[in-house]
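Since the structure comes first, as C-alpha cells, the remarks are kept for the end.
Just so it is clear, none of the values below were taken in a lab; they were calculated from the coordinates. Bear in mind that the values here come from a model prediction, so they are computed numbers and not experimental data. Heads up, the Cβs are rebuilt from the backbone with ideal geometry, glycines too, and the neighbour counts pull from every protein chain shown.
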Amino acid sequence: MDTFTIGGDLEVHRLGFGAMRVTGRGIWGPPEDPDEAERVLRRVVELGIDLIDTADSYGPEVSESLIAETLHPYPDGLVIATKGGLLRTGPSQWPRDGRPEHLKEACEGSLRRLRLERIDVYQLHSPDPRVPWEDSVGAMKELKDEGKVRHVGISNVSVDELERARSIVEVVTVQNRYNLEDRRSEDVLERCEELGIGFIPWFPLATGDLARSGGPLDRIASAHDAAPAQIALAWLLARSPVMLPIPGTSSVEHLEENVRAAAIELSEDEVAAIGSASQG
Ligand SMILES: NC(=O)c1ccc[n+]([C@@H]2O[C@H](COP(=O)([O-])OP(=O)(O)OC[C@H]3O[C@@H](n4cnc5c(N)ncnc54)[C@H](OP(=O)(O)O)[C@@H]3O)[C@@H](O)[C@H]2O)c1
C-alpha cells in the first residue's frame, strides 16, 4: 500500500480506519460487542494501518476512550486524527458547536481521553452557521500555537471555506463525504490535489445503484473476484494520490476485507468506466 505524508511530516498508509462504528447504534453509547470492537482496533494496528480517524462526538467519548484503552501506549507512527465541533443530544443527533470556547474545551477532553500531550491531526468537524467561520478556525490556530495540536484539518467544507481557513492556519486535510454515489465534493478534492493536502472521503463504501447485479461495479468486482465495496475503495485510491479513505467497521472480518481492497489494481479502463458510471 502506498503512503501519503500529512502536513509534511506524518507519513501514513493511504488506507486508514474510521473509528465511528466501534460505538453503539446511532453512534451512541458503547458498542454492542465490546470484545469484537477491541479486536477490531488491535487488528487495525496489526494490519499496518497507521491512520485512525475518530471524534469526541462518536459515542460520545466512547470511540476515543476505547482507542486509548485498547492501543495506548500507541505504536510509533500511529496517527490519530480526532475532531471537535459537534455535540450529541441523543442517538443520531449531531448539533453543531463551533464556538471557540467549545472547541478549546473539546480539545482538552480529547487530549485527556486519548492520553496524548498533543493531537497529531485535530479536525474542525463542521462549520457552525451560528458562529463566524473565521472565529472557529481561529480557535484551531490557537490550539496549534499552544502546542496542543500538531496539525489542523477541516471537515464538511466548501472550496470557499477551505480557502478562508487556509488564510488563517495551515490546513493539512479536508474530510468530506465522497463516494461513488455522492461526488458533490469533486471541486474540493480537486483543490486538495492542487494544494497537495490530504482528502479524507467519509462514507467511502457507499456504492448505491452502481453495485446492482449486472451493473458496472458488479461486473468489475466479479472480474477481480472481489466485493463491490472493495472495488469502491480501490477506485477511491486510484482516483487521486491525495485520497485517504477511512472505511469504518465493527467487525474484524469486514476490516480485513477492506484492507485487502487496497491491493486490488484496477486498469485505467476500469477506473474510467467506474468513474463515468458514478457520475450518472
Ligand atoms: N467528518 C464527518 O462528518 C464524518 C461523517 C461520517 C463518518 N466519518 C468518518 O468516516 C468513517 C467512515 O464513514 P462511515 O462509517 O459512515 O462509512 P463507511 O466506512 O463507508 O461504511 C461503514 C458501514 O459499512 C459497513 N461495512 C464496513 N465494511 C464492510 C464490508 N467489508 N462489507 C460489508 N459492510 C461493511 C459497516 O458495518 P459493519 O460494522 O457491520 O462492518 C458500516 O455500517 C467513520 O468511521 C468516521 O471516522 C466522518
*Set Lys and Arg Cβ to +1 and Asp and Glu Cβ to -1, take the dipole of the chain about its Cα centre, and tell me which of Val271, Ser250, Leu10 lies farthest positive.*
Ser250
*Say a site is exposed when it is one of the GluC sites (Glu not before Pro), sits in a DSSP loop, and has at most 13 other Cβ atoms within 10 Å; what is then the longest site-free stretch of the chain?*
171-264
*Which whole-number percent is the relative contact order of the range 157-280 (Cα, under 8 Å, 6+ apart)?*
24
*Along the range 137-146, what does the Karplus equation 6.51 cos²θ - 1.76 cosθ + 1.60 (θ = phi - 60°) give for ³J(HN,Hα), rounded to whole Hz, x for Gly and Pro?*
5, x, 5, 5, 4, 4, 4, 5, 4, 7
*Rank Trp94, Val152, Gly138 by how far each Cα sits towards the positive end of the charge dipole of the range 76-172 (+1 on Lys, Arg Cβ; -1 on Asp, Glu Cβ) and give me just the farthest.*
Trp94
*With point charges of +1 on the Cβ of Lys and Arg and -1 on the Cβ of Asp and Glu, referenced to the Cα centre of the chain, which listed residue (Ala229, Leu180, Pro34) lies farthest in the positive direction of the dipole?*
Pro34
_Nearest 5 percent is fine: what portion of the DSSP beta bridges confined to the range 142-269 is antiparallel?_
10
*Work out the length of the dipole vector of the range 69-204 about its Cα centre, built from +1 on the beta-carbon of each Lys and Arg and -1 on the beta-carbon of each Asp and Glu, and round it to the nearest 20 debye.*
460
*Express the relative contact order of the chain as a whole percentage, based on alpha carbon pairs under 8 Å and six or more residues apart in sequence.*
17
*DSSP loop (so not H, G, I, E, B), at most 16 other Cβ within 10 Å: list which trypsin sites (Lys or Arg not before Pro) in the range 189-227 pass both filters.*
Arg212
*Counting Lys and Arg as +1 and Asp and Glu as -1, each charge on the Cβ, what is the dipole of the chain about the Cα centre in debye, to the nearest 20?*
560
*asked:* Under 37 °C and 0.692 mPa s, how fast does the range 122-188 diffuse according to Stokes-Einstein, given a Kirkwood radius computed over C-alpha pairs? Answer in µm²/s, whole number.
replied: 267
*Sort out for me the Cα centre separation of the range 29-63 from the range 228-274, rounded to whole Å.*
20
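Just the projected area, averaged over all directions, of the convex hull on the alpha carbon atoms of the chain: how many nm²?
Result: a mean projected hull area of 13.8 nm².
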*At 0.36 nm per residue, minus the direct Cα-Cα distance, what do Glu181 and Asp209 gain on full extension? Give it in nm, one decimal, please.*
9.3 nm
*Quick one: which residues, 5 or more positions from Gly29 or on another chain, have an amide H under 5 Å from its amide H? H modelled 1.01 Å from N in the peptide plane, none for Pro or chain starts.*
Gly24, Gly59
*Neighbour-limited loop hits for trypsin sites (Lys or Arg not before Pro), the range 1-86 (at most 11 other Cβ within 10 Å; DSSP other than H, G, I, E, B)*: Arg25
*At q = 0.16, 0.25 Å⁻¹, what is the base-10 log of I(q)/I(0) for the range 27-103 according to the Debye formula with one equal point scatterer per Cα and no solvent? Please give it to two decimals.*
-0.64, -1.18
*Can you give the helix-only mean residue ellipticity at 222 nm for the chain, where every DSSP H stretch with n ≥ 4 adds -39500 (n - 2.57) and the sum goes over all residues, rounded to the nearest 500 deg cm²/dmol?*
-12000 deg cm²/dmol
